[in-house]
Amino acid sequence: MDRPLTTEIPGAAHRFPQIELVNVWKRFGEKEQETVAVHKVDLAIAPGEFVTLVGPSGCGKSTLFNMIAGLLPPDPDGSILLSGKPQQDGALLGKVSFMPQRDLLFPWRSVLDNATIALEVEGMSRRDARAKAEALFPEFGLKGFEKHYPHQLSGGMRQRVALMRTFLFERDLILLDEPFGALDALTRAMMQRWLLDIWARHWRTVLFITHDIDEAIFLGDRVVVMTARPGSIKCIETISLPRPRDASIVTSPEFMDIKRKLLAVIEEESMKSFAMEISA
Ligand SMILES: Nc1ncnc2c1ncn2[C@@H]1O[C@H](COP(=O)(O)OP(=O)(O)O)[C@@H](O)[C@H]1O
Ligand SMILES: [Mg+2]
């Protein structure tokens with residue numbers, strides 16, 4: 001049974017959310033060993049939305065993504081719906097594009113052959129996959145690097161190859177798990193602006209994990225703040241900063257107000273998370 005739109009989503013013109021999490025839980029281990037990684041998460045994301053997810057390390061963000069990508073079953077308490085349709089037993093596998101937190105490129109494959117992997121796994125011929133990928137190289141700032149190998153690229157370029165691979169796998173929903181986490185601040189800022197540009201042109205729904213609050217506000221239509229473990233949703237902030245957004249927006253009073261508010265919430269959760277770690 002399809003579910004109608006139950007959660008109010010800013011700007012939602014569609015009947016169903018792109019993705020909806022209803023009472024999603026994930027527990028690992030049993031009895032005394034049990035870890036509750038994800039706790040009662042309810043979240044609906046509209047088609048075309050860019051939602052960022054922030055929370056202390058270890059609060060279950062990657063676990064949540066693994067469930068949405070169909071790699072890990074949620075506990076039976078709740079459900080995940082894609083365009084209104086409930087997804088059971090690994091049904092989500094292959095239905096969303098997913099860039100995992102440690103998305104390693106294969107060092108023995110050229111940039112072009114790294115970009116085409118997902119298409120080849122899907123059964124596309126290598127020739128067709130290469131033609132499709134080659135068309136995206138200019139947009140991803142990689143023109144001329146098709147035959148290079150990952151070790152010959154800068155950190156920013158390697159992340160763009162991984163992102164290109166994710167975009168080439170043409171699904172409406174894209175999950176990006178801390179894609180810019182390892183980059184220096186300047187490269188990161190450049191990549192953020194570039195990603196917004198790509199997103200505006202490709203019309204996809206993006207769910208983006210970060211531990212950087214500026215990044216979360218700068219990119220997002222909404223910022224979802226998670227609690228310390230067991231991860232649940234602490235609050236959701238709608239970011240009505242105008243788009244397109246340029247670098248100067250991060251020093252605007254509106255941006256600062258949002259940041260101040262979110263920092264207070266995140267600080268509280270990070271302290272809890274820290275206390276948990278040092279008492280473990
Ligand atoms: N496969 C697993 N088995 C047992 N515990 C796990 C597993 N995956 C994650 N966890 C635990 O669940 C919690 C959340 O992990 P994770 O989702 O990676 O957090 P985050 O991405 O927010 O840093 C952590 O305590 C982690 O140790
Ligand atoms: Mg993680």
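What follows is calculated from the coordinates using simple rules that are stated; it is not laboratory data. Computed from a predicted structure; not experimentally measured.
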Flagged as over-length at 25 Å C-alpha distance, from Lys26/Lys85; Lys95/Lys143; Lys61/Lys143; Lys26/Lys272, the pairs are Lys95/Lys143; Lys61/Lys143
Percent relative contact order for segment 86-173, counting Cα pairs under 8 Å at least six residues apart, stands at 45
The chain: antiparallel bridges as % of DSSP beta bridges, rounded to 5, reads 50
Karplus ³J(HN,Hα) for segment 243-256 (6.51 cos²θ - 1.76 cosθ + 1.60, θ = phi - 60°; Hz, whole; x = Gly/Pro) runs 10, x, 9, 10, 4, 5, 5, 5, 9, 6, x, 4, 4, 4
One checks the Cα atoms of segment 111-194 and finds Rg and Dmax, in Å, of 12.8, 39
Computed on Cα atoms, the radius of gyration and Dmax of the chain in angstrom are 18.9, 55
Taking only the alpha-carbon atoms of segment 131-241, the convex hull volume per residue, in cubic angstrom, is 124
